[in-house]
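**Student:** First the structure, which I've put down as structure tokens, then a few questions once you've had a look.
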Amino acid sequence: MAELVTVARPYAEAVFRLAKEKNALAAWSEQLAKLSALAGNAEVHACLANPGLTAAQKADLVKSLLGGAADGDLSSFIDILARNERLTLLPQIQEFFESLKSAEDGVKEAVVFSAYPIDEAQTRNLLPTLEAHFHSKLRPEIRVTPELIGGIKVVVGDQVLDTSVRGKLEAMATALRN
């Protein structure tokens with residue numbers, strides 16, 4: 001997986017620079033999401049990985065599946081990926097592009113581990129507190145982790161906020177050992 005990210009990163013960075021120059025980050029984000037969904041489709045992926053098809057045929061296939069939305073820079077981008085046999089990396093390119101876009105917007109990814117499912121209303125109520133704690137806008141991803149027993153654990157980059165019952169029990173055990 002790390003190898004795919006390594007190969008995808010330069011393409012994502014190039015597209016990000018282009019999108020930023022043209023003030024079109026949102027448009028590119030939308031187009032890359034469509035391309036990623038296409039490449040993630042099992043049938044399309046099989047065609048893109050088929051060595052019997054030429055690069056031009058693969059590029060034409062992707063452009064046709066976009067429904068004529070591929071013009072100018074997007075068309076050139078698809079052609080470059082096809083020539084370099086990188087169309088199957090579109091999901092990784094899109095993911096890295098989104099992380100660059102989030103960093104540009106000052107938004108950080110937050111993984112919120114919870115012992116129980118958290119609904120949208122609870123997330124909206126929790127978010128301002130977390131943003132104040134981490135001094136940043138956050139895009140939360142909720143993961144249910146019953147091992148926490150109760151409470152939440154939030155990871156933002158290399159920062160961790162652990163208010164879970166499991167975390168408190170481990171802290172008490174450490175204190176008692178010392």
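**Student:** Mean residue ellipticity at 222 nm from the helices of the chain, using -39,500 (n - 2.57) per DSSP H segment of n ≥ 4 over the full residue count, to the nearest 500 deg cm²/dmol?
**Tutor:** Value at 222 nm, helices only: -20000 deg cm²/dmol.
**Student:** Quote the relative contact order of the chain in percent (integer), defining contacts as alpha-carbon pairs under 8 Å separated by 6+ residues.
**Tutor:** The value is 20 percent.
**Student:** Now for a different question. Where does the charge balance sit around ASP119 when Lys and Arg score +1, Asp and Glu -1, over other residues with C-beta under 15 Å from its C-beta?
**Tutor:** Value of the local net charge: 0.
**Student:** Using a 10 Å cut-off on Cβ atoms, rank the peptides 124-137, 141-154 from the highest mean neighbour count down.
**Tutor:** Most protected by this proxy first, the peptides run 141-154, 124-137.
**Student:** Please state the shape class of the range 31-89: rounded when a/c is under 1.5, otherwise prolate if a/b exceeds b/c and oblate if not, all from the C-alpha gyration tensor.
**Tutor:** The shape class here is oblate.
**Student:** Need the list of lysines near LYS153 for cross-linking: C-alpha distance under 23 angstrom, and skip anything on the same chain fewer than eight residues off.
**Tutor:** Of all the lysines, those that pass the test against LYS153 - Cα under 23 Å, at least 8 places apart if same chain - are LYS108, LYS137, LYS168.
**Student:** If Rh is defined by the Kirkwood formula over all Cα pairs and Rg also comes from Cα, what ratio Rg/Rh do you get for the chain?
**Tutor:** Answer for the chain: 1.11.
**Student:** Next up: What are the lysines whose alpha-carbon lies under 17 Å from the alpha-carbon of LYS22, with same-chain residues fewer than 8 places away excluded?
**Tutor:** LYS101
**Student:** Let me ask another. Which FRET efficiency, nearest 0.05, do ALA175 and SER29 yield, Cβ-Cβ r, R0 45 Å?
**Tutor:** FRET efficiency, ALA175 to SER29: 0.45.
**Student:** For the range 79-118, rounded, prolate or oblate, judged on the Cα gyration tensor with a ≥ b ≥ c (square roots of eigenvalues), a/c < 1.5 rounded, else prolate if a/b > b/c?
**Tutor:** oblate
**Student:** Towards the positive end of the charge dipole of the range 1-89, with charges on Cβ (+1 Lys, Arg; -1 Asp, Glu), say which of LEU61, ALA82, ALA14 has the farthest Cα.
**Tutor:** Checking the options against the dipole of the range 1-89, the answer is ALA14.
**Student:** Roughly how many Å is it from the Cα centre of the range 110-142 to that of the range 146-176, as a whole number?
**Tutor:** Taking the Cα centre of each part, the range 110-142 and the range 146-176 sit 15 Å apart.
**Student:** Another question, then. Can you pull out the trypsin sites (Lys or Arg not before Pro) in the range 1-102 that DSSP calls coil and that have at most 13 other Cβ atoms within 10 Å?
**Tutor:** When the trypsin sites (Lys or Arg not before Pro) of the range 1-102 are filtered for loop state and at most 13 Cβ neighbours within 10 Å, LYS22 remain.
**Student:** Another one. List the lysines whose alpha-carbon lies under 17 Å from that of LYS58, not counting same-chain residues fewer than 8 positions away?
**Tutor:** Of all the lysines, those that pass the test against LYS58 - Cα under 17 Å, at least 8 places apart if same chain - are LYS34.
**Student:** Still on this structure, I have one more. Would you work out the Kirkwood radius for the range 4-66? I mean one over the mean of 1/r across all pairs of different Cα atoms, in Å.
**Tutor:** Its Kirkwood hydrodynamic radius stands at 13.0 Å.
**Student:** Relative to the compact globular guide of 2.2 N^0.38 Å, what is the alpha carbon radius of gyration of the range 95-152, as a ratio?
**Tutor:** 1.21
**Student:** Further, regarding this structure: Would you work out if the range 138-178 is rounded, prolate or oblate? Take a ≥ b ≥ c from the square roots of the eigenvalues of the alpha-carbon gyration tensor; rounded if a/c is under 1.5, else prolate when a/b is larger than b/c, oblate otherwise.
**Tutor:** oblate
A short reminder: the numbers here are calculations on the coordinates, not readings from a lab. Just so we're clear, the structure is a prediction, and the values are computed from it rather than from any experiment. Please note: Cβ atoms are built from the backbone with ideal geometry, for glycine as well, and neighbour counts cover all protein chains shown.
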